[in-house]
Amino acid sequence: MVQSNHTHAPRPVPSPYTGRQDIDLDVVREMLSHFTYNDHEEAQELILSACQEINEHFGWVSPEAAEIVAEHLGTTTTRVFAILTFYADFRTEPRGHHHMLLCHGMSCYVMGSNKLVQTMKDTYGVADGETTADDQMSVQVANFCLGVCDRSPVVKIDDEYHGHVTPESLTELVNRAIEGKHSMQENEATHG
Amino acid sequence: MVSVKPSEHLTKLNSKDDFLAFREQARQKWDSVWNGSATVVSVGVGSSSIAKGALEVLEQVHQVGGDVIVREVSGNGAFWMEPWVEVKRPGAQPIVYGPLTVDDVAGVIAGDRNDLAVGVRGDAPEGDIRPLNEHHFFQHQNMLLTRNAGVIEPDSIEDAIARGAYDGYFKVLFEISQEEAIHEVTASNVRGRGGGGFPAGIKWESGRKATNSPKFIVCNSHEGEPNVYKDRHLHECDPHRVLEGILIACIACGAERGYNYLGGEYPLGLRRFRKAVADAERLGLIGKDVLGTGKNVAIRVRTGGGAYICGEASALMYSIMGVRGQPRTKPPRSVEEGLWKRPTVANNTETLANVPDIIVRGGDWYASLGTEKSTGTKLMTMQGPSKLHGVVEVEMGVTMNHILNDIYGGMREGYTFKGMQTGGASAGPITENAFERPIDFDSLTDIHGMLGSGGWVLFDEGVCAVDMARYLTAFSRYESCSKCVPCRLGNPALVEILDRIRFGRGSLEDLALIRRTSKHIIELSLCGLGQVAPVPLVAFLDVYEEEFRQHIVDGHCKTGTCPIAARPHVGADLATAAAD
Ligand SMILES: Cc1cc2nc3c(=O)[nH]c(=O)nc-3n(C[C@H](O)[C@H](O)[C@H](O)COP(=O)(O)O)c2cc1C
Ligand code: SF4
Ligand code: FES
């Protein structure tokens with residue numbers, strides 16, 4: 001018998017984002033219905049969080065979604081777009097079927113993430129914020145630390161982290177992700 | 001809004017006595033878990049261990065079952081032993097095993113995998129297994145802020161309260177006045193952990209004295225620097241400590257609302273913090289008429305969107321107000337006119353996390369830790385090719401030699417030391433000749449070094465000084481908010497010069513040009529980002545000038561990093577030709 005000492009919420013589920021997605025505006029409306037406020041100040045404080053949630057769910061925020069945010073929170077679409085184009089996390093175009101977060105924090109830099117950025121350019125023709133021509137893989141070069149520095153350099157493809165990545169293993173990982181295989185965990189375990 | 005539900009069994013506490021009774025229950029529950037007849041299995045779940053499969057391990061622990069209590073605790077800062085599982089068998093001390101895989105779980109719980117044991121979480125050995133505290137990674141730490149890391153379930157307010165959470169809050173609510181609370185913080189001389197080192201007590205006092213109302217407290221948990229992850233760690237391992245710090249600040253300064261602003265880079269910490277707020281609200285520690293005192297405190301959690309500049313306090317407040325996060329000129333200072341033009345006291349997460357202990361144990365106790373001018377402990381992180389990695393907590397005043405070699409185990413095999421970058425993208429590298437200096441807020445400034453937020457980046461001979469300087473300058477260029485000209489145009493100019501050098505087309509004049517341009521940016525920029533953006537580059541130039549010259553004069557990058565290396569090594573002719 002397993003007793004649970006848990007009387008609290010279940011374990012966290014990382015990143016809900018999967019795959020290239022069109023934005024279902026009904027889902028956006030449903031999300032926004034949970035954003036309640038008492039006054040205009042509070043409504044303004046919620047603009048960023050609302051964008052954040054849509055962006056996390058769909059991988060991007062469309063003009064139509066921005067309009068719903070603006071309407072719901074009593075502001076203008078222009079203002080919402082000013083935010084979307086300022087903060088690095090937001091995308092105003094859909095991502096690829098797969099998404100890569102390429103860590104370019106300082107540990108990963110020291111351990112060679114530049115080479116990985118270069119590999120993505122040379123082999124797949126994509127730089128930060130871009131998506132491959134076949135819509136398969138989009139890349140975000142992270143200007144912060146993914147928090148797994150002991151495995152630097154690190155990339156996160158969809159929900160999975162990969163450590164000690166080399167230019168060779170990177171292309172293998174990308175190709176495998178595109179082919180829909182997910183057997184990276186073992187690959188990972190062979191490293192220190 | 002992603003809603004995190006509070007634990008349903010919690011009910012509202014209406015008075016001082018209610019809280020004391022609840023605390024007593026929580027302590028008893030804690031004791032019964034650890035002294036009961038069931039085996040207690042805890043899995044360290046944090047963002048670093050999740051990346052290595054900790055959730056799968058947790059799942060497996062549930063699968064294996066048996067007469068066990070399963071707990072989801074946080075990481076303990078030691079990345080190198082992740083994923084780990086702690087097993088406490090009846091009558092014995094808890095033993096920690098790691099790093100392990102899903103396949104090891106059953107054996108570990110059954111007790112036949114002592115080969116995987118890292119240590120005992122306790123003072124005495126268990127058979128051949130030594131206490132974890134004897135491991136060099138833990139031995140030299142003084143874990144105050146992180147004492148609950150890997151021990152409590154961050155999602156359990158009862159665990160936190162059993163281990164002392166909200167005792168400081170209780171004290172400011174019932175036992176001491178606002179002035180006395182601020183007096184303790186002032187006496188502790190705790191200085192801002194967000195990088196600047198400004199004494200928190202002075203800021204709080206201005207906040208308390210501000211007459212405009214309402215007033216706000218802002219906890220700066222943005223942590224957008226590429227070299228540090230200590231605030232994320234605090235949120236993941238002990239969210240109630242962070243929350244308590246904010247609540248104490250609210251009471252002490254007379255603020256009716258506290259904000260916690262997170263950058264969005266750490267979803268797990270965000271979720272755990274939201275859970276902490278939901279539970280504290282349900283218990284009545286937040287809300288109207290807290291514990292019958294007549295005091296009202298509200299907490300709001302806000303997230304940013306990956307813009308480093310939003311760590312700057314005025315930009316952060318704009319970001320909360322739902323516009324682009326661009327700093328403004330001061331005065332007025334935030335304590336006069338901050339969020340929504342109201343008096344606002346902003347502190348870093350770690351600064352606030354220090355406060356509960358300062359209130360409970362007294363400012364004088366705190367001031368006895370660390371050095372005279374930099375009191376207390378400091379969370380630190382190590383990046384680059386060190387043997388071990390993770391978050392540690394040490395007293396101020398330790399040396400880099402101690403941090404790198406004694407705690408993190410020195411350089412990894414196969415790498416040769418070249419330098420240690422300090423202060424993220426805001427300061428310069430130090431070399432071995434500074435390794436014996438006691439480290440505090442002020443000790444490295446004369447050599448362009450900086451304690452900053454405590455993120456150290458080790459780099460080896462394989463890293464090119466010109467390329468690394470470019471990386472750091474490019475970071476500031478990318479993160480510039482573009483509001484003012486010197487920073488917006490100056491940083492791209494520096495990157496361009498560096499690229500010239502990297503491509504073998506630099507001239508010696510470029511070195512002077514770097515210094516001149518840097519001076520402009522530093523002196524004329526509006527905010528702290530521009531004012532320090534060129535500092536790493538200038539410092540790299542000071543320390544590794546020879547290497548810059550090799551690129552220019554010899555057309556040679558000795559590490560083979562720069563594009564110049566792809567060209568034939570033709571020496572000085574090329575450099576002069578390119579400069580024409
Ligand atoms: C560009 C820039 C980025 C900053 N980033 C952070 C940050 O991520 N976290 C933080 O606490 N302070 C950051 N600061 C410092 C804040 O402006 C502010 O001084 C600090 O939050 C005050 O808290 P403290 O006194 O407790 O350190 C940053 C400052 C600048 C200029
Ligand atoms: S110095 Fe840079 S970051 Fe700061 S306000 Fe000016 S442009 Fe923005
Ligand atoms: S810098 Fe890449 S994981 Fe920390």
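The values are calculated or read from the model by the stated rules, or taken from the named source; none is laboratory data. Just so you know, these numbers come straight off a predicted model, no measurement behind them. Cβ sites come from the backbone with ideal geometry, for glycine too, and all protein chains shown count toward neighbours.
Scanning the stretch B:369-401 for residues that are hydroxyl-bearing (S, T, Y) and either more than 16 Å from ligand 1 (Cβ to nearest atom) or over 18 Å from B:E184 (Cα atoms) (or both) yields B:T371, B:T381, B:S386, B:T399.
Residue-by-condition table, conditions (1) touching a strand residue (DSSP E or B) at 6+ places or on another chain (Cβ under 6 Å); (2) more than 11 Å from ligand 2 (Cβ to nearest atom); (3) touching a residue at least 40 places away in the same chain (Cβ under 8 Å); (4) more than 14 Å from every other protein chain (Cβ to nearest Cβ):
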position	(1), (2), (3), (4)
B:P486	no, no, yes, yes
B:E496	no, yes, no, yes
B:I501	no, yes, yes, yes
B:I514	no, yes, no, yes
B:I521	no, no, no, yes
B:Q531	no, no, no, yes
B:P536	no, yes, yes, no
B:L541	no, yes, yes, yes
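Only one of the listed residues (B:G424, B:G455, B:G462) is crowded, with 23+ Cβ neighbours inside 10 Å and either away from ligand 2 (no atom under 16 Å from the Cβ) or more than 11 Å from chain A (Cβ to nearest Cβ) (or both). That residue is B:G455. Of all positions in the stretch B:209-221, none carries a residue that is in contact with a Ser or Thr (Cβ under 8 Å, 6 or more places away or on another chain), within 12 Å of chain A (Cβ to nearest Cβ) and either within 16 Å of ligand 3 (Cβ to nearest atom) or at pLDDT below 95 (or both). Looking across the stretch B:450-503, the residues that are within 13 Å of ligand 1 (Cβ to nearest atom) and closer than 23 Å to B:M382 by Cα come down to B:M450, B:L451, B:G452, B:S453, B:G454, B:G455, B:F475, B:S476, B:E479.
One residue stands out in the stretch B:509-545 among those that are hydroxyl-bearing (S, T, Y) and outside any loop (DSSP other than H, G, I, E, B): the one that is farthest from ligand 3 (Cβ to nearest atom), namely B:T517. Restricting attention to the stretch A:134-173, the residues that are assigned to a loop (DSSP other than H, G, I, E, B) and touching a helix residue (DSSP H, G or I) at 6+ places or on another chain (Cβ under 9 Å) add up to 16. Could you please find all residues in the stretch B:402-421 being crowded, with 20+ Cβ neighbours inside 10 Å and either in contact with a helix residue (DSSP H, G or I) (Cβ under 6 Å, 6 or more places away or on another chain) or more than 12 Å from every other protein chain (Cβ to nearest Cβ) (or both)? Across the stretch B:402-421, the qualifying residues are B:I403, B:L404, B:I407.
Filtered by the rule that a residue be part of a helix (DSSP H, G or I) and hydrophobic (A, V, I, L, M, F, W, C), the stretch B:480-508 gives B:V485, B:C487, B:L489, B:A493, B:L494, B:V495, B:I497, B:L498, B:I501. Only strands (runs of 3 or more DSSP E) whose full extent lies in the stretch B:338-401 are considered here, and the ones with at least 1 residues that are within 14 Å of another protein chain (Cβ to nearest Cβ) and either of a type in the set (D, E) or under 15 Å from B:W204 (Cα atoms) (or both) are B:344-348.
Out of all the residues in the stretch B:272-281, is one or more under 17 Å from the mean Cα position of the chain (by Cα), modelled with pLDDT of 95 or more and within 11 Å of another protein chain (Cβ to nearest Cβ)? Checking the stretch B:272-281: at least one residue is under 17 Å from the mean Cα position of the chain (by Cα), modelled with pLDDT of 95 or more and within 11 Å of another protein chain (Cβ to nearest Cβ). For the stretch B:471-495, filtered to residues that are within 16 Å of ligand 3 (Cβ to nearest atom) and aliphatic (A, V, I, L, M), the residue that is nearest to the chain's Cα centre (by Cα) is B:L472. Number of residues in the stretch B:211-223 that are under 10 Å from the mean Cα position of the chain (by Cα) and either part of a loop (DSSP other than H, G, I, E, B) or within 16 Å of ligand 2 (Cβ to nearest atom) (or both): the value is 2.
Report the residue count in the stretch B:309-324 for those that are in contact (Cβ under 8 Å) with a residue 40 or more places away in the chain and more than 7 Å from chain A (Cβ to nearest Cβ). Qualifying residue count, the stretch B:309-324: 9. When B:N401 is tested against (1) within 22 Å of the chain's Cα centre (by Cα); (2) more than 27 Å from B:L529 (Cβ to Cβ); (3) in contact (Cβ under 8 Å) with a residue 40 or more places away in the chain, just one condition goes unmet, and that condition is (3).
If you take the residues of the stretch B:268-285 that are touching a Ser or Thr at 6+ places or on another chain (Cβ under 7 Å) and closer than 29 Å to A:F144 by Cα, which of them is surrounded by the fewest Cβ atoms within 10 Å (Cβ to Cβ)? Looking at residues that are touching a Ser or Thr at 6+ places or on another chain (Cβ under 7 Å) and closer than 29 Å to A:F144 by Cα, I get B:L268. Based on what the data block shows, is A:N114 within 14 Å of another protein chain (Cβ to nearest Cβ) and within 16 Å of ligand 2 (Cβ to nearest atom)? Spelling it out, it is not the case that A:N114 is within 14 Å of another protein chain (Cβ to nearest Cβ) and within 16 Å of ligand 2 (Cβ to nearest atom).
The set of residues from the stretch A:152-161 being within 10 Å of chain B (Cβ to nearest Cβ) and within 11 Å of ligand 3 (Cβ to nearest atom) comprises A:S152, A:V154, A:K156, A:Y161. Suppose the filter is modelled with pLDDT of 95 or more and within 16 Å of ligand 2 (Cβ to nearest atom); does B:R477 pass it? Answer is yes for this residue. Contact map, the stretch B:143-158: first residue within 11 Å of chain A (Cβ to nearest Cβ), second residue of a type in the set (S, T, Y) and crowded, with 24+ Cβ neighbours inside 10 Å, Cβ cut-off under 6 Å, separation 6 or more or different chains; pairs are B:P154/B:S74. Could you tell me whether the stretch A:115-125 includes any residue that is within 21 Å of A:N175 (Cα to Cα), part of a helix (DSSP H, G or I) and of a type in the set (F, W, Y)? Yes, that holds for at least one residue.
One residue stands out in the stretch A:140-156 among those that are within 16 Å of ligand 1 (Cβ to nearest atom) and closer than 17 Å to B:A78 by Cα: the one that is modelled with the lowest pLDDT, namely A:G147. Take the conditions (1) surrounded by fewer than 24 Cβ atoms within 10 Å (Cβ to Cβ); (2) within 20 Å of the chain's Cα centre (by Cα); (3) in a helix (DSSP H, G or I); B:L316 misses just one of them, which is (1). Scanning the stretch A:38-53 for residues that are assigned to a loop (DSSP other than H, G, I, E, B), within 20 Å of the chain's Cα centre (by Cα) and either within 16 Å of ligand 1 (Cβ to nearest atom) or surrounded by 15 or more Cβ atoms within 10 Å (Cβ to Cβ) (or both) turns up nothing. Within the stretch B:546-568, the only residue that satisfies the criterion of being surrounded by 24 or more Cβ atoms within 10 Å (Cβ to Cβ) and either within 14 Å of chain A (Cβ to nearest Cβ) or within 16 Å of ligand 3 (Cβ to nearest atom) (or both) is B:C557.
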